[in-house]
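The numbers here are math on the coordinates, done by the rules we state, and not lab data. Because the structure is predicted, anything quoted here is derived from the model rather than measured. Methodologically, a virtual Cβ is constructed for each residue, glycine included, from the backbone with ideal geometry; neighbour enumeration extends over all protein chains shown.
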Amino acid sequence: MAKSIFLQSDNRKMHAGWLLLLLLCFIVQPFDSFANTSESRGIPSAAVLNPAAELWRDVRQREQLTNGTSQVKGVDSGVLINAYGDQWRKFRMQQLIPVGGYLLLGIVIGLALFYLIRGKVAIEGGESDKKLLRYTSYEQLIHWFIASIFLFLAISGLIILFGRPVLIPIMGKEAFSVIASACKEGHNLMGPLFLVALILIFIKFVRRNIYQKGDLSWLLRGGGIIGKKHVPSNFFNMGEKTMFWMLVLVGSVIIASGFVLIFPVFGLGREWMELAHVGHAIGAILVIGVIIGHIYIGTIGMEGAIEGMKTGYCDLNWAKEHHDLWATKAEQQGEVISNDKVSRLRDVSSAQSLGGHVQEE
Amino acid sequence: MGQFIDGPLWTFSLSVFVLGVIWRVVTILIAGNRSDLATAKGSAGKGAIRTVFSRFVPERTVATRGRIQLIAGYLFHLGLLALLFFAKPHVDFIAERITGLSWSAMPHWAFIVSAEAAFIGLILLWLHRVLNPVTRLLSDLDDHVGSILVFLVMLTGCLALAQAFEPLRLIHLLLAELLLIYFPFSKLMHAFTFVMSRGYTGATMGRKGINA
Amino acid sequence: MARMKFYCDPERCIECNACVTACKNENEVPWGVNRRRVVTINDGDEGERSLSVACMHCSDAPCATVCPVDCFYTTQDGVVLHDKDICIGCGYCFYACPFGAPQFPEDGAFATRGKMDKCTFCAGGPEADSSSDEHRKYGSNRLAEGKLPLCAEMCSTKALLAGDADTISEIYRKRVINRSASVMARGVSYRDASFRAPHSASGKSSAKE
């Protein structure tokens, strides 16, 4: 290519020759990084020399030249080159999607393996005939409130993130774009509800989640996962407390960055948006990973663990095994009630007296 | 399918809704009440009107003991009312398909805020209904179907917010049509009958000279 | 097979914004959306240069890579287009694009970006060529009529070049050669005055002339 140019310039003034050669060396330079990877996408790449690539590479290298003015008014319209766009793209495509995907998949597979090895953690003493009030109905209410919103946000977010590699091959672009649009709109609308739910959760549960003396030994003994012995803990154990603080702190990052992302009209530039997206995605993957573990313990991982959130009452033996500091104290204060009374309070068939009572009112 | 949802089914569900509501209201009205032979100590009409409005403000013990239901209830009902009648897509739809005349819609941000308020309210109310032993006992299938149907209509509406994908609009419309058909035969009728039940109590009490 | 590219010559661009206006008029873009913009560096100072910027129709477009619904495609002519029926308006292409090409009709608060709109190299969209649907969604399809994008066609100083990359490279090379020749003849260094030169040097050389 360089040779043909040289031939064309043959009829130019001879004394310009040396400068020309210098210039040619300057023009014939490697392509911009965008042009370089065209083979990877199956686009026919004729060896095209694009003068624009060279110009824009120069623009990129000179930071003081990227900010100018433009008669077109808008966010970032005076900025010539999007400084971190390339980094953001690499983060999303090469780190977030593969690493995030395999991390979540790994957590699910790991938990499945753990379940196969360890099985369901049973209540060793068996179910007793006594129960303890673990969560009031308000506490259950806000738990399931945040849970339902979280599930919706997590699923819709994961569909947007992993839909292209996972769902498009299955259902095609047209069908997926309908789902993706639904997820995006739903995600944006439900997002602020998560803030409301998180505030309610924080106010209600923060006091019981402050780290205490026994928490370190709980951590050192692996929370009782290793070996059969249970580790003493208070109302919430070290793991639950850590999950709470993670949800609060990482959740705040997710919420704050989410607000940046859903308010494109706030006038924040792309750099803020890219940064917010990175924070939002990393935070979300972390929290989803932790919540998968939380759901595992609540459902198939441990006998009696979900009772407190389902009925408000937990088994006394379960409480003694998993939260003995709290259970002992509650027992001493006479908060233990019999199974019969609990079912009378809760069960529809045997709750005639309660129903009658309500009707009398 | 899309044409059916958009055309005949819409006409059918709207007719069922209108005729059903009229039928329900008329049957309640013609049931009448026994004539009160006692001397009136006050105006029944005044008492009825008074009570219809005074019951919007809950009694003190109800307000404190049922605080969640009160807050969530108001969030849900006001949010739903606002987004039902003052959201731009709904105003346009009503003008085009029913009334032929439109009114000014609220700005988009207010639409979203009211939708979020309605979602907070409805999710909390239904969870409370399920989790609280007393309300669970008092709820029958109708309550759950009504709540879930309204929730699904709201959810599909929120998923269709982009207003760019026809299938999403049709799902929202289909569920709204099912809701319209279900409405007159369910407790959702309280949207109309609350006036009558409050009015009845108010009239009875007003006639007796009691501020109820 | 052609590979369509834009090139804006900063030595020639006079920031008249005719390309912006031409694009807006030809494609009837929505209010608030400008597919093309002229950016001026060192406005009013020594070494002022302007560049007309729109979608550069990258050979390996970052927007297409990050799009969660895969709505981008590259035509036979190397033009990067997108399908507005599939686009969900997430804004990721805007984060990834080096040039700020993707535009969004912001018709309100709360995430209503709307469907993305960008320069199509006057090549329309996936709909049938020159159909009314195509025109409504994407604007003109001049390429189907055998014409080049209007912004470049009506550039008064021919700073903005559009067309096959080989051709515009040739034109550009000839310009560079001519300029370097005139440098030798008149003692003025275009290299010094060019976009990529430190602007302290550029003032001196233009003052000499």
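Of note:
- Descending principal axes extents, the range B:157-197, alpha-carbon based, whole Å: 42, 16, 9
- Charge context of A:Ala327, other residues only, Cβ under 13 angstrom, K/R +1, D/E -1: 0
- Cα-Cα over 21 Å, subset of A:Lys173/C:Lys115; C:Lys24/C:Lys84; A:Lys131/A:Lys341; A:Lys131/A:Lys320; A:Lys73/A:Lys184; A:Lys130/A:Lys320: A:Lys73/A:Lys184
- Cα-only Debye scattering, the range C:46-151: base-10 log of I(q)/I(0) at q = 0.10, 0.18 Å⁻¹: -0.29, -0.89
- Sorted by Cβ neighbour density within 10 Å, fewest at the top, the residues A:Leu116, A:Leu219: A:Leu116, A:Leu219
- Average projected area [Cα convex hull, the range A:91-360], square nanometres: 19.0
- Electrostatic bookkeeping for C:Cys23 treats Lys and Arg as +1 and Asp and Glu as -1; over the other residues with beta carbon under 12 Å from its beta carbon, the sum is +2.
- Length added when fully stretched, B:Leu70-B:Trp109, from 0.36 nm per residue minus Cα-Cα: 11.6 nm
- Distance between the C-alpha centres of the range C:1-69 and the range A:101-121: 51 Å, rounded to the whole angstrom.
- Charging the Cβ of each Asp and Glu at -1 and of each Lys and Arg at +1, and nothing else, the dipole of the range B:94-174 about its Cα centre rounds to 60 debye.
- In a DSSP loop and with at most 13 other Cβ atoms within 10 Å, the chymotrypsin sites (Phe, Trp or Tyr not before Pro) in the range C:1-53 are C:Trp31.
- Model label points for C:Arg12 and A:Val206, set 7 angstrom from Cα along the Cα-to-Cβ axis, are 6.5 nm apart.
- Rg/Rh ratio calculated on Cα atoms of the range C:15-84 (Kirkwood radius): 1.06
- Applying 1/(1 + (r/R0)^6) with R0 = 35 Å to the Cβ-Cβ distance of A:Ile109 and A:Trp245 gives a FRET efficiency near 0.85.
- For A:Phe235, the residues whose modelled amide H falls within less than 5 Å of its own, excluding neighbours fewer than 5 places apart on the same chain, are A:Trp326.
- Range in chain B, longest, excluding exposed chymotrypsin sites (Phe, Trp or Tyr not before Pro) [loop by DSSP; at most 13 other beta-carbon atoms within 10 Å]: B:104-212
- Computed from the C-beta positions of B:Ser186 and A:Glu127, the FRET efficiency with R₀ = 30 Å rounds to 0.15.
- A:Gln95-B:Trp23 FRET efficiency (beta carbon distance; Förster radius 56 Å; 0.05 resolution): 0.35
- Solution diffusion estimate, µm²/s, Stokes-Einstein, the range B:39-103, Kirkwood Rh from C-alpha pairs, 10 °C, viscosity 1.306 mPa s: 106
- With semi-axes defined as the square roots of five times the eigenvalues of the C-alpha gyration tensor, the equivalent ellipsoid of the range B:119-168 measures 28, 11, 5 Å, largest first.
- For the range A:186-211 versus the range B:134-155, the spacing of their alpha-carbon centroids is 25 Å.
- Stokes-Einstein diffusion for the protein assembly as shown at 10 °C, viscosity 1.306 mPa s, with a Kirkwood radius from C-alpha pairs, works out to 50 µm²/s.
- A straight line joining the Cα centroids of the range B:1-71 and the range A:287-331 runs 45 Å.
- Between B:Ala160 and any residue 5 or more places off or on another chain, the built amide H atoms are never under 5 Å apart.
- Summed side-chain charge close to B:Leu170 - residues other than B:Leu170 whose Cβ falls under 11 Å, Lys, Arg +1, Asp, Glu -1: -2
- Zone of B:Ala40's modelled label, taken as backbone nitrogen in the range B:185-212 under 17 Å from a point 7 Å along Cα→Cβ: B:199-212
- Checking every one of the GluC sites (Glu not before Pro) in the range A:89-183 against DSSP loop status and a limit of 14 other Cβ atoms within 10 Å picks out A:Glu124.
- Annotation note: chymotrypsin sites (Phe, Trp or Tyr not before Pro) in the range A:173-211 located in DSSP loop regions with a Cβ neighbour count of at most 14 within 10 Å are A:Tyr211.
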